[in-house]
1. Cβ contacts < 6 Å: first residue loosely packed, with under 15 Cβ neighbours inside 10 Å, restricted to the range 246-258; second residue of a type in the set (K, R), any location; separation 6+ or different chain. Result?
2. Can you name every residue in the range 299-325 that is under 14 Å from the mean Cα position of the chain (by Cα) and of a type in the set (D, E)?
3. Away from the ligand (no atom under 16 Å from the Cβ), under 26 Å from the mean Cα position of the chain (by Cα) and in a loop (DSSP other than H, G, I, E, B), is that true of S60?
4. Of the conditions (1) assigned to a strand (DSSP E or B); (2) of a type outside the set (S, T, Y); (3) more than 14 Å from the ligand (Cβ to nearest atom), H67 satisfies every one except a single condition; which number is it?
5. Scan the range 93-110 and give yes if some residue there is within 16 Å of the ligand (Cβ to nearest atom) and modelled with pLDDT of 95 or more, otherwise no.
6. Kindly list the number of the only condition in (1) within 16 Å of the ligand (Cβ to nearest atom); (2) modelled with pLDDT of 95 or more; (3) crowded, with 21+ Cβ neighbours inside 10 Å that fails for T73.
7. Would you call T206 among the β-branched types (V, I, T) and within 22 Å of the chain's Cα centre (by Cα)?
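The values are calculated or read from the model by the stated rules, or taken from the named source; none is laboratory data. Everything numeric in this text was worked out from a predicted model, so none of it was measured. FYI the Cβ positions are ideal-geometry reconstructions off the backbone, even for glycines, and counts take in every protein chain you see.
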Amino acid sequence: MVSPRYTVPVPVEPALELVRKYNLPGPRYTSYPTAPQFSDAIDRVALLHEIALDNKDDHSPLSIYFHLPFCETLCWYCGCTTVITKRRASAGEYVSWLEKELALTAPLLNSARPVTQLHFGGGTPTFLPPEEIDRLAATIHRHFKFSPDSENSVEIDPRRLTKEHVEAFRRLGCNRASLGVQDTNPQVQLAVHRWQPLAQTAQAITWLREAGFQSVSVDLIYGLPLQTPTTFTTTLDEIIALNPDRLAVFSYAHVPWIKPAQKIFDDREQLPSTEDKLAMLMMAVAKLTAAGYVQIGMDHFARPDDELAIAFADGTLHRNFQGYTTRAGATLYGFGMSSISQTDGSFYQNHKELDDYVAALEAGRLPFERGYLLTDDDRHRRAIISDIMCGRGLDYASLTRRLGLDFATTFAIELTSLADLETDGLLKRHEQGLTISALGRLFLRIIAMRFDAHLTKRPGGFSKTV
Ligand code: SF4
């Protein structure tokens, strides 16, 4: 099913009513089942068998992820797994632990497989000094063979960046970068403990372009303390003027019971209301669309000739732990503390605490602590939820063919449960499938949740969906 281009503006008032009605906690569905389902009681023998099966074929593509957790200071909204330190020696020690993990994992992986996607996330990848980036590059290239068109990306903190960092990641093979900005307003930046003058962001983009990075993306967050629709409009204008190739505009995930630093925000006084959050989201959609970007899935925007926009338009967009991607079918192997790996039939996650991660490696063990083996039902629901989250809607004939079952009959209860969403104009069911409206695009997580068989067992713990 080809995805529609959403050119029809969403009316504000009905959307506001629906946000009040449907703004429930829910997963972002970068995976299905989601991470809370992972268990430390996973059958390790079955998991190793699953990894062996995944590595039978020389040609199946690989996606690899490196989690580089260090940050010098904590941004108080942060939801990432980080280690806050100014101790520079941590960088070199951590690269040595990654080398050890790669050496332990290498015998399990088929070295002939081409890497089509590499991502460095954090934390702050540029906490590593350039010489440690070079050392890590040498190790990665010793263990993996890259496809010539591999998409190699790095998350950049403009506050901790030098030209030498940019050049080191470029030497490693990185061709895409995403910059953490969140908001350009000085009061908001002070309120979230992230002081980042716009000139620093502009300088980072200049260095990345000069070094030959093909794509530069900017991450913004709406819903932060002291933000208003007016201040966020200025943020959008200032970032659009820097002409990034892509943008991600995320909803702030307020989960102080998981991230205690967020307790510093006064919920009533500082955090914007639901009405203001919706206004900011709709402002972002309107401004970015007017500036020539195409909205992709839930919260991403790209130039129409960007491969992400093309994949969205032709229905081949995918979603993984890094968000939306064009790289279909690549299984993911994650390295570093807290990183998640994903094969067709399994997920497994490394220790989230640095000491535990290091202790496992020191003992010569693979450093994963929990995981999940998918059932056939999980695989079916994963395909359905991916189609929804990528904005494709559902094509019953295609799903029947892909899943090897009569889709409309098997999922009749879930399809029936969508009646209220259809009445509210979020989607339209018809004989051949289900299409998602422009309004429904704001509520993809709500639509996907109707197909999540695990949700009733763990209703709490997620951030609000808008
Ligand atoms: S730099 Fe990024 S990862 Fe580090 S604390 Fe700030 S938001 Fe979190």
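1. P256/K263
2. D299
3. Yes, satisfied.
4. (3)
5. Yes, the conditions are met somewhere in the range 93-110.
6. (3)
7. no
One line per residue, one yes/no per condition, for (1) over 21 Å from L317 (Cα atoms); (2) of a type outside the set (S, T, N, Q):
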| residue | (1), (2) |
| --- | --- |
| E353 | yes, yes |
| F368 | yes, yes |
| T375 | yes, no |
| L403 | no, yes |
